[in-house]
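Peer 1: Provided herewith is a single structure, encoded as C-alpha cells, for subsequent inquiry.
The values are calculated or read from the model by the stated rules, or taken from the named source; none is laboratory data. Bear in mind the structure is a predicted one, so any value in this text is a computation, not a measurement. Glycine gets a Cβ as well: all are built from the backbone with ideal geometry, and neighbour counts include every protein chain shown.
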Amino acid sequence: MSTVKTLVQCDFDGTITEKDISFLLLDAFAQGDWRQLLRNYKEHKISVGEFNTRAFAMIKADERTLLASLKGEVKVRAGFHELVNYCQGKCFRLVIVSNGLDFYIRAVLKDLGLGEAEVHAAQASFHPEGMEVQYVGPDGKRRDDGFKEAYIKSFLKLGYRVVYVGNGDSDVAPAKFAHHVFATGDLLAYCRDINLKCRPFETFLEVVEELNLM
C-alpha cells in the first residue's frame, strides 16, 4: 500500500469515540422528542442530514454550555493516537469525515493534542431559537444527504486508495466505494449481511496492524 497514494477516511462518533457525542448532547439539551426523529432515520424515512438538522434545532443552549457538559464524558477508542502516528509516518492522509458537528469534534481533537487534524463535518451556528446545522460538500455546496459519500468520491477522483473506518448506518454507503473497509458496530453487521469485504476491529491498534500488512 505504501507505493500508492493512500487516504484513511474515518468516522468520528462511535468510531473514534466510544459513544456518540451528538446523542449525549441531545439527551441533555434537546427540547423535544429527538428520538422520534432518530427512529425515522433508522427506518429510512429521513436522511441523516435531515435528522441532525431537525434534532439539533431543539437545542437552545450555547456552545460553551454544551462543551462544558462533555467534560469527563468523552472516551476515545484505544489506539487512536497510534493510528495518527502511523499515518504520519507512512505519509497517509488521515481525514475525519463525520455527520457529527464540527464544534465538538474539533474540541475533542484539540484536547487530544490533534487540533490540526483534517476534519469535514456539519457546521453549527448557535441561536437562542435553536441551533442551525448545515453540511457543505467538497464542492462548497450545501448538501442535505450523501455527505460522506461525496467526500470519498472526491478523494477517489484525486487518485487516492481509500481505507474506510466506521461503525454506523451512515457509513454503509461510503464504505461501498472504499478499497479497504474496517468496520465495527452496525457497519460490521451490515457488511456481513451483504458479504461486503471488511476487517472487523475493536481498537485502532488492530487497524494499524492490518494496515501494516497491506
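Peer 1: Need pairs with beta-carbon distance below 8 Å; first residue free of Cβ contacts under 8 Å to residues at least 60 places away in the same chain and within the range 181-205, second assigned to a helix (DSSP H, G or I) and of a type in the set (Gly, Ala, Ser); sequence gap 6+ or separate chains.
Peer 2: Val181/Ala175; Ala183/Ala175; Leu187/Ala175; Cys191/Ala175; Leu196/Ala175; Cys198/Ala175
Peer 1: Pick out the one residue from Val8, Val4 that is in a loop (DSSP other than H, G, I, E, B), in contact (Cβ under 8 Å) with a residue 40 or more places away in the chain and β-branched (Val, Ile, Thr). Talk me through it step by step, then tell me what you get.
Peer 2: On the way: Val8 fails: in a loop (DSSP other than H, G, I, E, B).
Among Val8, Val4, only Val4 is in a loop (DSSP other than H, G, I, E, B), in contact (Cβ under 8 Å) with a residue 40 or more places away in the chain and β-branched (Val, Ile, Thr).
Conditions tested, residue by residue: (1) under 19 Å from the mean Cα position of the chain (by Cα); (2) under 30 Å from Leu211 (Cα atoms).
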site: Lys5; (1), (2): no, yes
site: Phe12; (1), (2): yes, yes
site: Trp34; (1), (2): no, no
site: Val48; (1), (2): yes, yes
site: Ile96; (1), (2): yes, yes
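Peer 1: Out of the range 18-53, which residues are among the polar types (S, T, N, Q) and either within 21 Å of Ala173 (Cβ to Cβ) or in contact with an Asp or Glu (Cβ under 8 Å, 6 or more places away or on another chain) (or both)? Break it down stepwise before answering.
Peer 2: Going residue by residue through the range 18-53, those that are among the polar types (S, T, N, Q) are 22, 31, 36, 40, 47, 52-53.
Once the filter is applied, which keeps residues that are among the polar types (S, T, N, Q) and either within 21 Å of Ala173 (Cβ to Cβ) or in contact with an Asp or Glu (Cβ under 8 Å, 6 or more places away or on another chain) (or both), the range 18-53 yields Ser22, Asn40, Ser47, Asn52, Thr53.
Peer 1: For the range 184-214: of the residues being assigned to a loop (DSSP other than H, G, I, E, B) and in contact with a strand residue (DSSP E or B) (Cβ under 9 Å, 6 or more places away or on another chain), which is surrounded by the most Cβ atoms within 10 Å (Cβ to Cβ)? Write out each step before concluding.
Peer 2: Taking the range 184-214 as the starting set, the residues that turn out to be assigned to a loop (DSSP other than H, G, I, E, B) are 184, 195-198, 201-203, 214.
So of that shortlist, the ones also in contact with a strand residue (DSSP E or B) (Cβ under 9 Å, 6 or more places away or on another chain) come out as 184, 196-198, 201, 214.
Values: Thr184: 24, Leu196: 16, Lys197: 9, Cys198: 20, Phe201: 21, Met214: 12.
Per the criteria, the residue is Thr184.
Peer 1: Moving to a separate point now. Those residues that are touching a strand residue (DSSP E or B) at 6+ places or on another chain (Cβ under 9 Å), small (Gly, Ala, Ser) and closer than 20 Å to Lys75 by Cβ, I need them from the range 86-142; list them, please.
Peer 2: Ser98, Gly100, Ala117, Ala121
Peer 1: Scan the range 82-92 and tell me whether some residue there is modelled with pLDDT under 95 and within 16 Å of the chain's Cα centre (by Cα). Let's see the steps before the verdict.
Peer 2: Let us first name the residues in the range 82-92 that are modelled with pLDDT under 95, namely none.
No; the residues of the range 82-92 include none that is modelled with pLDDT under 95 and within 16 Å of the chain's Cα centre (by Cα).
Peer 1: As an exercise: evaluate Pro174 against (1) within 27 Å of Val74 (Cα to Cα); (2) in a loop (DSSP other than H, G, I, E, B); (3) modelled with pLDDT of 95 or more and give the number of the one condition it does not meet.
Peer 2: Status for Pro174: all satisfied but (2).
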